[in-house]
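Asks: The structure that follows is given in the form of structure tokens.
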Amino acid sequence: MHLRSVELQMPDRATAVEFLKNPWGMTEVGTRGNTTFLRGTAAQHYAVSITEGPARAILSATIAGTREEVEAVYERVNQAGLRHGPWIHAFDEPGGGAGFYAAGLEGEPFRFVAEAEPPPEPLPTERANPIRVAHVVFNTRDRAAATRMFTDVFGFKVSDSTRFMTFLRCDDLHHVIAYADSKQPTLNHIAFEMKDTDAVLRGMGRLKDAGCGTVWGPGRHGPGDNVFAYFVGPFGACIEYTAEIMRVDDDYVTGTPDTWKFPDGRNDQWGIFTRDMEALSASCDTFPYGPTAA
């Protein structure tokens, strides 16, 4: 399985779509009804959808897999008594496919899809264009319970844990889902993978030219070893350019809070970033979940 896409609801879809196209760097691939779909350069039908709605919200983080993988998760979700929707035989979206919606323990929205159509050809890899959605981070009041849900029911593995975050994987990417300790369950941020560090820096420059400054970065995280730069989109969500994410396998040794300690005054490997805590808090702590289909 792999993290395929993120579905968002926005009261001003046009503004969000235009930002994600330029300056963010994605490609529009069509509109169906009141939903517009955009892709990165990876061989995927789409990476983000924007649905017109009364308020901003995340509608789902979509995990794609084979029919057998998705059906196995559906069975475990049923056995665990996790809140979920019915099996949907045909999604009306690029790639089509079948699957279901499920809600996390605090309402975080997930969707599991087995695509019906083969993936499209990758787009030419431009130096500073997003490739795909790399990971989604949720805030939680019970990180231990959320982690058990992902490992026992969804079949993910824990890559690392720090004093305030747990990083989970379902393929060779170090993490595609993470949970952060918080007083309220909200979307923390969405990360988009870039080609390399130079692409992240070029993206930062392009966004600066467009009047969207970096709110945190550049830097290099500990868990995942990935380069980062965070922004707040005009639709209020915290979004990240990231690159050089660690690829791992079953031999990877899961890190603990004792593994990930930085010197006083530093919480990344480089120690050069600037950070606007007010802007980060305004986006990372307040972006809500939409009405779940589960």
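Asks: Please tell me the relative contact order of region 123-272 in percent, rounded to the nearest whole number, where contacts are Cα pairs under 8 Å and at least six residues apart. Numbers along the way, then the final one.
Replies: On the way: 315 pairs, mean separation 38.2, N = 150.
Across region 123-272, relative contact order equals 25 percent.
Asks: How many angstrom lie between the Cα centre of region 120-191 and the Cα centre of region 273-291?
Replies: Computed from Cα coordinates, the inter-centre distance equals 16 Å.
Asks: Among the lysines, which fall within straight-line cross-link reach of Lys195, defined as a Cα-Cα distance under 18 Å, with same-chain neighbours fewer than 8 residues apart omitted?
Replies: Lys21
Asks: Relative contact order for the chain using alpha-carbon pairs under 8 Å, separation at least 6, rounded to a whole percent?
Replies: Values: 735 pairs, mean separation 55.2, N = 294.
This gives 19 percent for the chain.
Asks: While we're here: Pick from Ala282, Ala64, Ala42 the residue whose mean-square fluctuation is largest in a GNM of the chain, springs joining Cα atoms under 10 Å.
Replies: Ala282
Asks: Given Cβ point charges of +1 (Lys, Arg) and -1 (Asp, Glu) and nothing else, what value in debye, to the nearest 20, does the dipole of region 132-284 about its Cα centre take?
Replies: Values: 17 positive and 21 negative charges, 82 e Å.
Value, rounded to 20: 400 debye.
Asks: While we're looking at this one, here's another question. Translational D (Stokes-Einstein, µm²/s) of region 36-179 at 25 °C and 0.890 mPa s when Rh comes from the Kirkwood sum over C-alpha pairs? The partial results should precede the final answer.
Replies: Details: Rh = 16.3 Å.
My calculation gives 151 µm²/s for D.
Asks: Let me ask another. Can you give the Rg to Rh ratio for region 2-114, taking only C-alpha atoms and Rh from Kirkwood? Provide the component values of the computation, followed by the final result.
Replies: Numbers: Rg = 14.5 Å, Rh = 14.7 Å.
For region 2-114, the value is 0.99.
Asks: Where the eigenvalues come from the Cα gyration tensor of the chain, what are the semi-axes √(5λ) of the equivalent ellipsoid, largest first, in whole Å?
Replies: On the way: eigenvalues 139, 113, 67 Å².
In descending order, the three semi-axes are 26, 24, 18 Å.
Asks: Measure of size requested: the Rg and Dmax of region 214-294, with Cα atoms as the atom set and Å as the unit; please supply both.
Replies: 15.3, 44
Asks: Can you put His2, His189 in order, fewest other beta carbons within 10 Å first?
Replies: Numbers: His2 16, His189 24.
So the residues, fewest neighbours to most, are His2, His189.
Asks: Still on this model: Measure out, as a whole number of angstrom, how far apart the alpha-carbon centroids of region 192-217 and region 4-64 sit.
Replies: 19 Å
Asks: Sticking with this structure for a sec: To the nearest µm²/s, what D does Stokes-Einstein give for region 161-209 at 4 °C and 1.567 mPa s, using the Kirkwood radius over alpha carbon pairs as Rh?
Replies: Working: Rh = 13.2 Å.
Stokes-Einstein gives a translational diffusion coefficient of 98 µm²/s.
Just so you know, all these numbers are worked out from the coordinates, no wet-lab data involved. This structure is a prediction, so every number in the text was calculated from the model and none was measured. In this analysis, Cβ positions are derived from the backbone assuming ideal geometry, glycine residues included, and neighbour counts consider all displayed protein chains.
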